[in-house]
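Remarks on the structure that follows.
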Amino acid sequence: MKYVLVVGDGMADYPIPELGNKTPLQAAHKPNMDAVAAKGRNGLLKTVPDDLNPGSDTAILAVLGYDPRRFCTGRGPFEAAARGISLEENDVAFRCNLITEKDGILVDHSAGHITSGESSKLIESLKKTCEKPNEAEFFSGLDYRHFLILRNSPNCHFIECTPPHDVIGAEVVTVLPKAKSVEAEKTVNLLRELIRDSKAVLESHPVNIARVKAGKRPGNMIWPWGGGGKPSMPSFKEKYGLKAAVISAVDLVKGIGIYAGMKIVNVPGATGMYDTNYEGKADAALKALKDNDMVFVHVEAPDEAGHARDCRQKVKTIEDLDKRLLGRILEGLKEPYTIAILPDHPTPIRIGTHTNDPVPFVIYSPSLESDGVQKFDEFSAMHGAFGLVKHEYLMSLLLSSTSRDK
Ligand SMILES: [Zn+2]
């Protein structure tokens, strides 16, 4: 038996007036998802508990069966792992954005989507001037997304950092890192000092002078957030006895895969955006199944459309995923298979960010009886035989769906 897990990031939504009060999943033409829903068994999955932030880190961990309360230390360590940055016990990895600050205001969390070529020079200059060896180290990532590693800093869970995309337009002084206990005060002071010092170094850097001259936003300050220590997770093989591979364009998802001991399959042209290589991902998934028991295919594009609040684009990403990726996988599968399809969380167009609402899911397995649901969407799934399932139990359902014929 081969297992396929397809996650359309942020696919779930609310009814949208422009789509005739349908959700993007209801409005999209998606014969493959609907066929799986009709053949399989459906339900709603509450991936993120109400008291947790519905970040993709939390939601993806839950989908893979890892209790986010135990295994989610922050998104920093997962993303860092995908860039080859390894952590020691007591190290803390922060995502470190290059942001634009102007007159004390946080103007842009992405420094005008600064390029990797430009930002690597800026991070290089920070390494020379602000880095404190064996204490605070900078690592380059992609575009505006970089890393700050604090060495030997065991009190990171007492630090509160604000994701910069949530506070665009805020006064910087009001959203700086805060200590939740006295043990963390020294580390918080170090973070604040690094933020302050970065401004002096970056503002006068030739890369930024050229950007300002060209009418672009400069990457003139660092913004550490999403910090966490090294996650200690059992591997997928230990947990489920399955050898698994992951296909995603997104560092966070690849990093979760690394800590779960999955094989990371990189696909040329997988961008995490609307132009991603859907066919390439499908072909890579079929290939990965030759020497793995399971493949986890993640598509970021619907989430991006949700954040951009573009409902037509969101419908298109769902149709592309259905036709160009899912259809191709289903056609190419020659062995008996069990498949689950779902979003990790909703990213409703109306609000432009993630929510904790339950998401529709379907599991098809040759030994499962169908439940009469005909379509794959938020409302049809309410009538599914699985009902409302909590948090990290999807994987158990997926595996028990096939156990009957053994
Ligand atoms: Zn998102």
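If you look at the Cα atoms of segment 266-352, you get an Rg and a Dmax of 13.6, 42 Å. The charge dipole of segment 15-92, taken about the Cα centre with unit charges on the Cβ atoms of Lys, Arg (+1) and Asp, Glu (-1), comes to about 520 debye, rounded to the nearest 20. Within segment 62-217, all pairs of alpha-carbon atoms sorted by distance into 10 Å bins from zero give the percentages 10, 39, 37, 12, 2. Taking all protein chains together, Leu52, Leu289, Leu388 sort by accessible area into Leu388, Leu52, Leu289, largest first [probe 1.4 Å].
Please report, as a whole percent, how much of the solvent-accessible surface of segment 319-382 comes from carbon and sulfur atoms (probe radius 1.4 Å).
49 percent
If a/c stays under 1.5 just call it rounded; otherwise compare a/b with b/c (prolate if a/b is bigger, oblate if not). Do that for segment 156-250, with a ≥ b ≥ c from the square roots of the Cα gyration tensor eigenvalues. Please list the in-between numbers first.
Working: a/c = 2.86, a/b = 1.50, b/c = 1.91.
It comes out oblate by the Cα gyration axes.
Note on the chain: dipole from Cβ charges, positive end direction compared against Gly352, Ala284, Val167; the farthest Cα belongs to Ala284.
Heavy atoms of the protein chains alone define the surface here; on that basis segment 322-406 has 45 Å² accessible area per residue at 1.4 Å probe size. Percent of C-alpha pairs per 5 Å bin in segment 1-114, short distances first: 2, 8, 12, 14, 16, 15, 14, 10, 6, 3, 1, 0.
Annotation: the antiparallel percentage among DSSP beta bridges lying fully within the chain is about 60. Projecting each Cα onto the charge dipole of segment 1-126 (Lys/Arg +1, Asp/Glu -1 at the beta carbon, about the Cα centre), which of Ser56, Ile99, Leu5 comes out farthest on the positive side? Value: Leu5. For segment 45-156, the dipole from Cβ point charges (+1 on Lys and Arg, -1 on Asp and Glu) about the Cα centre works out to 120 debye, to the nearest 20.
In the elastic network of the chain, a GNM with C-alpha springs shorter than 10 Å, the most mobile of Ala285, Ala385, Ala200 is Ala200. For Met221, the residues whose amide H sits under 5 Å from its own are Ile99, Glu101, ignoring neighbours fewer than 5 places away on the same chain, with H placed 1.01 Å from N. Extension gain for Asp371-Asp67 works out to 106.6 nm (0.36 nm per residue, less the C-alpha to C-alpha distance). Sparse packing (at most 12 other Cβ atoms within 10 Å of the Cβ) combined with a DSSP loop state is found for the following trypsin sites (Lys or Arg not before Pro) in segment 277-330: Lys290. The ellipsoid equivalent to the alpha-carbon distribution of the chain has semi-axes of 38, 23, 19 angstrom, derived from the gyration tensor eigenvalues as √(5λ) and listed largest first. Here the gap between Ser396 and Asn53, fully extended at 0.36 nm per residue and compared with their Cα-Cα distance, gives a gain of 121.1 nm.
Residue separation of Glu124 and Lys239 scaled by 0.36 nm, minus their Cα-Cα distance, works out to 37.4 nm of gained length.
When every alpha-carbon pair in segment 305-370 is counted, what percent end up more than 18 Å apart? Here the long-distance tail beyond 18 Å is 51 percent of all Cα pairs in segment 305-370.
How large is Rg over Rh for segment 345-398, taking Rg from the Cα atoms and Rh as the Kirkwood inverse mean of 1/r across Cα pairs?
Numbers: Rg = 12.7 Å, Rh = 12.6 Å.
We get a ratio of 1.00 for segment 345-398.
Note on segment 143-218: with charges restricted to the Cβ of Lys and Arg (+1) and Asp and Glu (-1), its dipole about the Cα centre is near 300 debye. List the pairs from Lys102/Lys199; Lys287/Lys375; Lys132/Lys186 whose alpha-carbon separation is above 19 Å, in the order I gave them. Those over the limit are Lys287/Lys375.
Which shape class applies to segment 207-286: rounded if a/c is under 1.5, otherwise prolate when a/b exceeds b/c and oblate if not, where a ≥ b ≥ c are the square roots of the Cα gyration tensor eigenvalues?
Details: a/c = 5.09, a/b = 1.61, b/c = 3.17.
Oblate is the answer for segment 207-286, as a/c is 1.5 or above yet b/c matches or exceeds a/b.
Summarising the overall dimensions of segment 241-284 from its C-alpha atoms, the Rg and Dmax are 10.7, 35 angstrom.
Reported to the nearest whole Å, the Cα centre-to-centre distance from segment 218-260 to segment 45-75 is 12.
Most tightly packed first, judged by the mean number of other beta-carbon atoms within 10 Å of their residues, the peptides 272-279, 337-344 read 337-344, 272-279. In terms of packing, defined here as the mean over residues of other Cβ atoms within 10 angstrom, the peptides 210-223, 167-180 line up highest first as 210-223, 167-180.
The values are calculated or read from the model by the stated rules, or taken from the named source; none is laboratory data. Bear in mind that the values here come from a model prediction, so they are computed numbers and not experimental data. So basically every Cβ, Gly included, is an ideal-geometry build from the backbone, and we count neighbours across all protein chains shown. When the accessible area is computed, the model is the full protein with side chains, heavy atoms only, and any ligands, DNA or RNA have been set aside. Shrake-Rupley method; radii C 1.70, N 1.55, O 1.52, S 1.80 Å.
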